[in-house]
Amino acid sequence: MAKNAILLSVQPRYAKKIFEGKKKVELRRIRPNVQHGDLVIIYASSPVMAVSGSFSVDHVMMKRPKELWPFVEHKACVSREEFDRYYRGSRLGVAIFFSDARTVDKPLRLEEIREIWPDFRPPQGYRYLASMNCNVDIFLSAMK
């Protein structure tokens, strides 16, 4: 069982690559407090707008972007140009290496989440499930 769980917004094109097994690292500008074994629940952003799967954190790496690139270039599913554009102006880059990516049988759409939790707002980047004052089972049940 995961120690912590976060809800992470991911663009649908990258979520698809995660579940196809092509993408093995998630890049971020801000480091979430996750560590080995933590659960990341993926919320595919617009136009999908649904919880679509999860992965387990292996480890997190923080480095200056130019030092990070060699570790992620074959695992992040982004070109060097996209990588540089994403990290432009950032002193540090964050790479969340993961395994055990899995999709849900039936994505939990935003409308369905709001039927159970009317005040739900998808995270812009990520949110810790423990801090969301919600019944975490809403998301975890979708993972089974």
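Please treat every number below as a calculation from the coordinates, not as lab data. These numbers were taken from a predicted model, which means no experiment stands behind them. Virtual Cβ from ideal backbone geometry, glycine too; neighbours counted across all protein chains shown.
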Placing +1 on the Cβ of each Lys and Arg and -1 on the Cβ of each Asp and Glu in the chain, which of VAL78, TYR126, ILE113 has its Cα farthest towards the positive end of the resulting dipole?
VAL78
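Rounded to the nearest 500, what is the chain's calculated 222 nm mean residue ellipticity when only DSSP H runs of at least 4 contribute -39500 (n - 2.57) each, over all residues?
On the way: 5 runs with 35 residues, N = 144.
Taken over the chain, the calculation gives -6000 deg cm²/dmol.
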Enter the per residue convex hull volume of the range 5-143, computed from alpha-carbon coordinates, in Å³ rounded to the nearest integer.
106 Å³
Separation between Cα centres of the range 59-135 and the range 6-35, rounded to whole Å
4 Å
